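Each reported figure results from applying straightforward, stated rules to the coordinates on display, with no laboratory input. Here the structure is a predicted model, which means the values were calculated and not measured. Quick reminder, even Gly has a Cβ in these numbers, built from the backbone with ideal geometry, and neighbours come from all protein chains shown.
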Amino acid sequence: MIAREVSLFDKQAEERLNHGFVPDLRRLAKVDWLYNNVWRDPEFVKIHWMPRINNIINHARSSGKKTLELGCGCGMLSLELARNGLDVTGVDVSPKSIEIAKKYKQENTYTKDFGFLRYECGDFNRMAFEKEYFDSVIFFRSLHHVAKGDELLSKVQDALRKGGKLIVSEPVRAHFTKDSAQFAAILRTILPTWIDHDEKLNKDWDAEIWENEIDKVFKEYIMEDDHEQSPLDNSIDNAGDMINLMEKFFTIKEKSFSDAFIDKLIGGLRGEHKYELARFLKFLDEYMVEKKILPPTSMELVAVKES
């Protein structure tokens with residue numbers, strides 16, 4: 001299974017790079033190929049992801065210099081952490097991703113106050129880390145690819161110093177409901193998106209057609225469509241399981257929830273007012289989650305090693 005995992009991540013990393021994606025938060029470019037992905041436009045990234053990323057960086061900085069990112073991919077976050085003065089080790093199972101990460105580290109021109117950055121390629125379930133060495137360990141959308149989370153988190157606990165932080169940002173797609181899908185389908189139908197309004201609206205509408213639209217959106221959000229990223233994807237996929245897993249080894253200090261519907265909508269916006277729409281939808285999404293009108297599909301956790 002791990003060989004298939006490596007192959008798919010290598011393919012995804014190379015494919016994105018070949019279509020113009022730049023895995024550097026300070027050099028992001030527009031990538032039209034990512035037709036419905038937040039990362040297709042740097043302004044969408046600024047609206048949707050940067051508040052979360054900056055929060056991760058601030059938590060890592062407040063914990064100490066030595067930072068480990070497990071599942072670093074092409075190194076976007078690890079590079080930015082090092083630019084913020086941290087001593088960073090980025091680990092990923094994909095050789096192609098690590099190759100790309102090293103390339104963009106080499107090309108980095110933002111060297112003022114740069115800390116230290118090194119990358120390792122390997123299956124972190126099988127890697128040995130120095131005990132009580134790191135001040136923070138980060139999983140940024142990577143923990144749900146781990147089949148044996150308890151074994152890995154036990155190793156992470158050993159690798160963290162007392163008082164060190166575990167910082168996690170994860171999808172919790174199992175919480176996405178048919179009501180959420182219906183709301184997302186309504187927004188996709190009436191807003192200017194990658195599909196022309198003539199194509200979206202020129203139908204002999206009835207209950208069956210509309211329910212099919214809802215079902216397509218539902219499958220897309222919970223990754224039951226043609227999406228293929230990893231055979232281990234969805235291994236940890238709901239908030240309750242993840243919280244219970246963390247609490248075996250750490251004391252959770254902060255947790256927040258987000259992304260009722262916005263994840264697969266904001267990047268698909270088109271038209272003259274797409275950024276204004278994106279900011280409004282970001283507010284609406286947060287409002288829906290806060291008021292418990294729709295459930296979240298993302299969770300952020302900060303936990304501490306107490307002893």
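Which links in Lys46/Lys282; Lys66/Lys131; Lys165/Lys253; Lys162/Lys253; Lys46/Lys219; Lys46/Lys253 stretch past 19 Å when you go from one Cα to the other?
Beyond 19 Å between Cα atoms: Lys46/Lys219; Lys46/Lys253.
Does anyone have the angle between helix 149-159 and the longest principal axis of the chain? Alpha-carbon axes, 0 to 90°, nearest 10?
Approximately 40 degrees, to the nearest 10.
If you take the beta carbon distance between Ile252 and Asp215 as r and set R0 to 35 Å, what does 1/(1 + (r/R0)^6) give as a FRET efficiency, to the nearest 0.05?
About 0.50, to the nearest 0.05.
In terms of modelled amide H atoms, which long-range or inter-chain residues lie less than 5 Å from the amide H of Gly164?
Sorted by chain and number, the residues that satisfy this are Lys305.
Have a look at the DSSP beta bridges in the chain and tell me what percent are antiparallel, nearest 5.
Roughly 45 percent of the beta bridges in the chain run antiparallel, per DSSP.
Using a Gaussian network model of the chain with C-alpha springs under 10 Å, which one of Asn212, Asn84, Asn202 is most mobile by mean-square fluctuation?
Asn202
Say we join alpha carbon atoms closer than 10 Å with springs in a Gaussian network model of the chain; which of Phe139, Phe283, Phe114 then has the biggest fluctuation?
Phe283
Mind telling me which of His144, His175, His197 comes out most flexible in a GNM of the chain, alpha-carbon contacts under 10 Å?
In the Gaussian network model the winner is His197.
Please list, or write none, the aspartates and glutamates whose alpha carbon is within less than 15 Å of the alpha carbon of Lys11, excluding same-chain residues fewer than 8 places away.
Asp92, Glu99, Glu228
Normalising by the residue count of the chain, find the relative contact order in percent from Cα pairs under 8 Å and 6+ residues apart.
22
Return the long-range amide H neighbours of Ile252 (sequence gap of 5 or more, or a different chain), with a cut-off of under 5 Å between placed amide H atoms.
Long-range HN contacts for Ile252: Val304.
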